Amino acid sequence: MTARVPRGFVDRDAETLYAQEAMLATIRRVYETYGFEPVETPVFEYTDALGKFLPDSDRPNEGVFSIEDDDEQWMSLRYDLTAPLARYVAENFESLPKPYRSYRAGYVFRNEKPGPGRFRQFMQFDADIVGAPNVSADAEMAMMMADTMEALGIQRGQYVIRVNNRKVLDGVLEAIDLGGEENAGRRLTVLRAIDKLDKVGAEGVWSLLGKGRLDESGDFTKGAELTDAQIERISPFFGRAGYVPLEQSSSAVRPLVGRRIDDSDTLWVEDSRGSIEVARSVVGSSELGVAGVDELDNIYRFIEAAGYGPDRIAINTSVVRGLEYYTGPVFEAELLFDVTNEKGEVVRFGSVGGGGRYDGLVSRFMSQPVPATGFSIGVSRLMTALKNLGRLKTEKRSGPVVVTVMDRDRMADYQAMATKLRDALNADPLLPPVPVEVFQGNPKQFGKQLQYADRRDAPVVVIQGGDEKAAGKVQVKDLKLGKEMSATITDNAEWREARAGQETVDESDLVDAVKRILARQSREG
RNA sequence: GCGGUUGUAGCUCAGCUGGUCAGAGCGUCGGAUUGUGGCUCCGAAGGUCGGUGGUUCGAACCCACCCAACCGUACCA
């Protein structure tokens, strides 16, 4: 039997967890400055609460992990944090303040094929406002998302929050005779095609909207079968309509970073105003579309007034989002930098979070309409990106002070020393912990104990054998200093003789001696 | 689901036209060193060559099927 982690799942080591903890704290801090409070819901929900958003309710295991309870009810692991929040709000509607601002972080699960940077268990960090019908709430979400990116160390220009509106898309689709329930499937195909813009380019999207597309591997993807005229009508959504060449940018005062969006060498920047104008002309007389454009216009005014320019938040009509339940504004956080990973491959991270307005989700459980908007950050994915960007705050943790064991029958003494050190070194609960431990392996070979301490990156070891005990002394050994000294010693006998970094002190001076060494090391960094 | 690539020791990999081809480095463990880390040196353990059939005097190598992983693509609420 081989030990192996299930496909699509990962083990996370100490370093990763420390880094994740730091990230979560940073995000939490931003959310709380906006007035959001935490809430936690379980990882399981009744499958019907995740409900009609399953692709096929006859196959409850498709896409989600599901089990049948002994009362024959199906339960599923949540696949996002939005549907569970909707259930929670509906269940506690009377007692919650409205609008209800809440945030929560947690693992979500998807039963699908894993890929590079894609797992079947991953963490999301969501924030939502329930009971706020106006798009000013959506604008606030976008601004908070931008703030979060920067709090995490992603500089302006390295990310953008793109905002669109489902009503605009739906309005245009209505205008080209794709409205109504009977065309829901085709509308979804169209949305997904546009969603692939960054992957397949404008040409590819055109193919996907028409007959279909043959990719490099020879696989054929069936298209939406739109006529050329229909495609022509919606083409502004996946062209360069949302962009303006860098040199023509009106916001020259801002440090905008231009990007290539097609085969030419032209660098383009986000153009919110242009996007809105194009959207207005494309939706024509569609009532829904016009309403959507007006909403985008309002959002634009809010973010501009608050000082969030197109280098942070941009209106861009190519943002779609795959989720079906969005009813209004949708947003997406995209990282704009390429990075080279451990394998030397250039990786484009793209989207690290997204969200939007889902006015129908809570009201599924209620007799009254409940507007809601929110967004989600893909923590695991973002962490990988930050790591490659070199922005991951890896908190340096001290290794343990190791009390070594010379005489097996004096374990009690060693434990007492460790306790004394532990208490003395950790008196201030606000400082990071200084671990102290007694060596718990086989103490027979003393060399192994030091080797262990070395591998744990121990700053100091404490040594007290029979000789020291008789004299009322104890040895403290600075491993870091010893390591530096080892560089100039090549002979092992000499190295052992040198007792590098070691000093003998009175038993009563033990705590102070260890403190001195730790202080010296932290000074020298 | 579709297409491609790859499966040899814990890890990374070498292994020629099918004929000493069961190998290296790293890691692990032991020793040189029973009270001192690093360096160095010596030694050991560890593999049904992904699996099952087949071709052959002979298969890690050729063929078929299966399995798995990886890459791309599709799906991704």
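The values are calculated or read from the model by the stated rules, or taken from the named source; none is laboratory data. Values in this document were obtained by computation on a predicted structure and should not be read as measured data. With ideal geometry, Cβ positions are generated from the backbone for all residues, glycine too; neighbour counts draw on all protein chains shown. SASA here: full protein model, heavy atoms, side chains in, ligands and nucleic acids out. Shrake-Rupley method; radii C 1.70, N 1.55, O 1.52, S 1.80 Å.
Pairs are defined by a Cβ separation below 6 Å, a sequence spacing of at least 6 or placement on different chains, a first member in region A:57-84 that is closer than 17 Å to A:L323 by Cβ and at pLDDT below 80, and a second member that is in a strand (DSSP E or B) and not small (G, A, S); the pairs so defined are A:G63/A:N111.
Based on this model, can you work out whether A:I234 counts as more than 10 Å from RNA strand B (Cβ to nearest atom) and touching a residue at least 60 places away in the same chain (Cβ under 8 Å)? For A:I234, the condition - more than 10 Å from RNA strand B (Cβ to nearest atom) and touching a residue at least 60 places away in the same chain (Cβ under 8 Å) - is met.
It is to be established whether one or more residues within region A:375-398 are of a type in the set (A, V, I, L, M), open to solvent by 30 Å² or more (accessible area, probe 1.4 Å) and under 30 Å from A:I463 (Cβ atoms). No - not one qualifying residue is present in region A:375-398.
Among the residues of region A:102-114, is there at least one that is at pLDDT below 85, open to solvent by 50 Å² or more (accessible area, probe 1.4 Å) and in the same structural domain as A:F375 (by TED's automatic domain parsing)? Yes: one or more hits.
Inclusion of A:R187 among residues that are open to solvent by 10 Å² or more (accessible area, probe 1.4 Å) and assigned to a strand (DSSP E or B) is not warranted. Under the condition of being closer than 20 Å to A:A453 by Cα and in contact with a strand residue (DSSP E or B) (Cβ under 8 Å, 6 or more places away or on another chain), the residues counted in region A:506-525 number 7. With respect to being assigned by TED's automatic domain parsing to the domain that holds A:P371 and within 16 Å of RNA strand B (Cβ to nearest atom), A:E295 falls outside the description.
Scanning region A:449-506 for residues that are within 7 Å of RNA strand B (Cβ to nearest atom), surrounded by 13 or more Cβ atoms within 10 Å (Cβ to Cβ) and among the charged types (D, E, K, R) yields A:D454, A:E468, A:K477, A:D478, A:K480, A:R499. Scanning region A:161-169 for residues that are polar (S, T, N, Q) and buried (at least 17 other Cβ atoms within 10 Å of the Cβ) turns up at least one hit. Output the residues belonging to region A:10-56 that are in contact with a Phe, Trp or Tyr (Cβ under 8 Å, 6 or more places away or on another chain), at pLDDT below 85 and surrounded by 16 or more Cβ atoms within 10 Å (Cβ to Cβ). A:L50, A:F53 - these are the residues of region A:10-56 that are in contact with a Phe, Trp or Tyr (Cβ under 8 Å, 6 or more places away or on another chain), at pLDDT below 85 and surrounded by 16 or more Cβ atoms within 10 Å (Cβ to Cβ).
Taken as a whole, the structure places A:A418 among residues that are more than 30 Å from A:F337 (Cβ to Cβ) and among the aliphatic types (A, V, I, L, M).
Applying the condition of being closer than 18 Å to A:E270 by Cα and assigned to a loop (DSSP other than H, G, I, E, B) to region A:156-184 and asking which residue is modelled with the highest pLDDT yields A:R156.
Could you tell me whether any residue of region A:110-130 is aromatic (F, W, Y) and in a loop (DSSP other than H, G, I, E, B)? Among the residues of region A:110-130, at least one is aromatic (F, W, Y) and in a loop (DSSP other than H, G, I, E, B), which makes the answer yes. Within region A:115-155, being at pLDDT 95 or above and within 16 Å of RNA strand B (Cβ to nearest atom) holds for A:D126, A:D128. Report, ordered by the first and then the second residue, all pairs with beta carbons closer than 7 Å, sequence separation of six or more or different chains, a first member in region A:297-308 that is more than 16 Å from A:V278 (Cα to Cα), and a second member that is surrounded by fewer than 19 Cβ atoms within 10 Å (Cβ to Cβ). Within 7 Å, the pairs are A:F302/A:S136. Every test in (1) within 11 Å of RNA strand B (Cβ to nearest atom); (2) open to solvent by 50 Å² or more (accessible area, probe 1.4 Å) is passed by A:E181 save one, and that test is (1).
Yes/no matrix, rows are residues, columns are (1) without any contact (Cβ under 8 Å) to a residue 60 or more places away in the chain; (2) outside any strand (DSSP E or B); (3) out of contact with any strand residue (DSSP E or B) (no Cβ under 9 Å at 6 or more places or on another chain):
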{"site": "A:K444", "(1), (2), (3)": "yes, yes, yes"}
{"site": "A:Q451", "(1), (2), (3)": "yes, yes, yes"}
{"site": "A:D457", "(1), (2), (3)": "yes, yes, yes"}
{"site": "A:V462", "(1), (2), (3)": "no, no, no"}
{"site": "A:Q475", "(1), (2), (3)": "yes, no, no"}
{"site": "A:E484", "(1), (2), (3)": "yes, yes, yes"}
{"site": "A:T488", "(1), (2), (3)": "yes, yes, yes"}
{"site": "A:E497", "(1), (2), (3)": "yes, yes, yes"}
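Considering region A:298-310, the residues that are more than 26 Å from A:V205 (Cα to Cα), assigned to a loop (DSSP other than H, G, I, E, B) and not aromatic (F, W, Y) include one that is farthest from RNA strand B (Cβ to nearest atom), namely A:G307.
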